[in-house]
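See structure below.
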Amino acid sequence: MTEDGGAAEDELSRFVYRLGEAQALTEGRCFLCGVVLEAATRTDEHVFPQWLLRRFDLYRETVNLLNGTSMPYARMLIPCCRVCNNEYLSRLEEKVSKAFETGPEAVAALDRATLFLWMGKIYYGLLFRELFLLQDRRDREAGTIVPPELLSEFRMHHLLMQAARGVVRWREDQFPASIFVFRAQEPSRPKDCFDYFDVIQAPFLAIRVGSTVVVSALQDWGALEHAVQLPALEAAKVLDLHPQQFREVAAIAGYTASLFNRVPKHLIHAAGDHVEVFTMPLGGLSLKPLYDPFEAEDFAHVLAVAFGQPVEDLFDGQYLMTLLRDGEGAPWAVPWPADEWVRPSLAEAKQRPAAGGPRVP
């Protein structure tokens with residue numbers, strides 16, 4: 001932005017998005033563009049798209065909310081104007097739906113911005129929906145599951161989502177996210193062919209759709225892809241991930257994303273009909289690594305949530321259970337079928353060849 005009076009005012013008048021003002025925190029405005037909704041312009045956008053719910057018979061299945069309650073996928077709706085819903089998001093869903101129907105190679109071949117916007121909409125939509133759900137239905141004074149203050153912290157994420165409307169752009173050599181695509185095994189029941197794992201401490205979402213897994217750190221500007229190497233993710237690249245292995249991959253990537261210790265700084269410039277986002281180098285003048293140290297015990301608690309098991313099953317202070325690698329660190333294909341969910345244990349992991357110290361990431 002320029003700083004001389006008249007020129008700056010003229011430039012500001014052409015802004016199509018005002019950071020901190022255009023983000024809606026009410027059900028009466030479109031979650032994406034922020035326009036005030038009226039009866040003729042209001043629609044409901046599904047957080048998880050309808051093609052996904054139909055394809056995997058999820059309408060009656062439930063989403064686990066942050067307060068421990070659940071809600072049917074079909075009721076995960078957020079307010080949206082007709083233009084955003086029927087034009088911008090509809091085109092996005094059409095591209096993504098066709099790619100997932102084809103398989104992981106087609107998903108990996110999608111324009112990265114398309115995949116980022118799709119994953120980003122689901123992640124943000126989950127938070128936005130919980131903005132209007134009571135933390136405790138018996139106590140209205142307790143507030144909502146997600147307070148407005150928390151959602152307002154995602155204002156940069158909301159700005160980046162405006163790329164779906166074509167009004168926000170970033171440099172070609174600066175991509176907002178780290179995105180990985182893996183192959184997955186498909187259980188026989190449609191509803192078991194879908195799963196997701198998100199992290200609220202960092203914009204992170206992993207999703208399993210049929211034969212495809214997508215893992216995304218949504219605002220690390222490529223750090224998870226380029227600044228660290230996670231052996232578990234390297235192993236995942238050569239495996240057809242069992243549903244349980246997907247959960248471990250999601251837990252490892254999500255936990256690591258939460259260790260990201262930079263707050264990216266941006267220059268936002270109005271350029272006619274759009275806003276350009278320039279991101280400063282993540283390292284800045286600091287020699288400090290971009291990620292805090294990986295702590296096996298802390299990760300074990302994340303893995304316990306992902307597997308739905310006690311921490312003691314997975315970590316004994318020395319050994320950390322993994323389903324992704326054998327005792328020598330090589331990729332490990334689990335010996336049970338995709339329809340079967342086995343309770344993994346340290347005892348089993350230690351019986352694999354040359355089981356060593358904590359298998360951190």
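The values are calculated or read from the model by the stated rules, or taken from the named source; none is laboratory data. Only a predicted model underlies this, so the values are computations on that prediction, with no experimental measurement involved. We place every Cβ from the backbone using ideal geometry, glycine too, and count neighbours over all the protein chains shown.
Taking segment 226-253 as the region of interest, how many residues are at pLDDT 95 or above and closer than 28 Å to R169 by Cβ?
Summing the residues that are at pLDDT 95 or above and closer than 28 Å to R169 by Cβ in segment 226-253 gives 1.
For segment 196-207, state whether one or more residues are closer than 19 Å to L115 by Cα, under 15 Å from the mean Cα position of the chain (by Cα) and of a type in the set (G, A, S).
So far as segment 196-207 goes, yes, one or more of its residues are closer than 19 Å to L115 by Cα, under 15 Å from the mean Cα position of the chain (by Cα) and of a type in the set (G, A, S).
Please specify each residue of segment 264-291 satisfying the condition of being charged (D, E, K, R) and surrounded by 13 or more Cβ atoms within 10 Å (Cβ to Cβ).
Listed by number, the list holds a single entry, E276.
Could you please find all residues in segment 215-247 being in a strand (DSSP E or B), among the aliphatic types (A, V, I, L, M) and touching a Pro at 6+ places or on another chain (Cβ under 9 Å)? Reasoning before the result, please.
So in segment 215-247, the residues in a strand (DSSP E or B) come out as 215-217, 240-241.
Cutting the leftovers down to among the aliphatic types (A, V, I, L, M) gives us 215, 217, 241.
Of everything in segment 215-247, just one residue is in a strand (DSSP E or B), among the aliphatic types (A, V, I, L, M) and touching a Pro at 6+ places or on another chain (Cβ under 9 Å), namely A217.
I need the full set of residues from segment 211-231 which are over 14 Å from the mean Cα position of the chain (by Cα), surrounded by 20 or more Cβ atoms within 10 Å (Cβ to Cβ) and not hydroxyl-bearing (S, T, Y), in order please.
Scanning segment 211-231 gives a single hit, A223.
For residues in segment 105-144 being among the hydroxyl-bearing types (S, T, Y) and at pLDDT 95 or above, which is nearest to Y88 (Cα to Cα)?
Ranking the qualifying residues of segment 105-144, first place goes to T114.
For the list (1) of a type outside the set (D, E); (2) closer than 16 Å to L224 by Cβ; (3) in contact (Cβ under 8 Å) with a residue 60 or more places away in the chain, I need the number of the one condition that V275 fails.
(2)
Looking at this structure, is M161 touching a residue at least 24 places away in the same chain (Cβ under 8 Å), more than 16 Å from I200 (Cβ to Cβ) and surrounded by 16 or more Cβ atoms within 10 Å (Cβ to Cβ)?
Yes, satisfied.
Filter segment 238-281 for residues that are of a type in the set (K, R) and under 25 Å from E297 (Cα atoms) and give the result.
Answer for segment 238-281, where residues must be of a type in the set (K, R) and under 25 Å from E297 (Cα atoms): R247, R262.
Mind counting the residues in segment 312-322 that are part of a helix (DSSP H, G or I) and surrounded by fewer than 15 Cβ atoms within 10 Å (Cβ to Cβ)?
Residues of segment 312-322 part of a helix (DSSP H, G or I): 312-313.
Subsequent filtering for residues that are surrounded by fewer than 15 Cβ atoms within 10 Å (Cβ to Cβ) retains 312.
Total meeting the criteria: 1.
Out of the residues in segment 176-199 that are part of a loop (DSSP other than H, G, I, E, B) and in contact with a Leu (Cβ under 7 Å, 6 or more places away or on another chain), which is farthest from F307 (Cα to Cα)? Break it down into steps so the answer makes sense when it comes.
Within segment 176-199, the subset part of a loop (DSSP other than H, G, I, E, B) is 176-177, 185-189.
Imposing the further condition that a residue be in contact with a Leu (Cβ under 7 Å, 6 or more places away or on another chain) reduces the set to 176-177, 185.
On the way: P176: 29, A177: 26, Q185: 17 Å.
My answer is P176.
State the number of residues belonging to segment 47-86 that are out of contact with any Ser or Thr (no Cβ under 7 Å at 6 or more places or on another chain), within 15 Å of F132 (Cα to Cα) and surrounded by 20 or more Cβ atoms within 10 Å (Cβ to Cβ).
4
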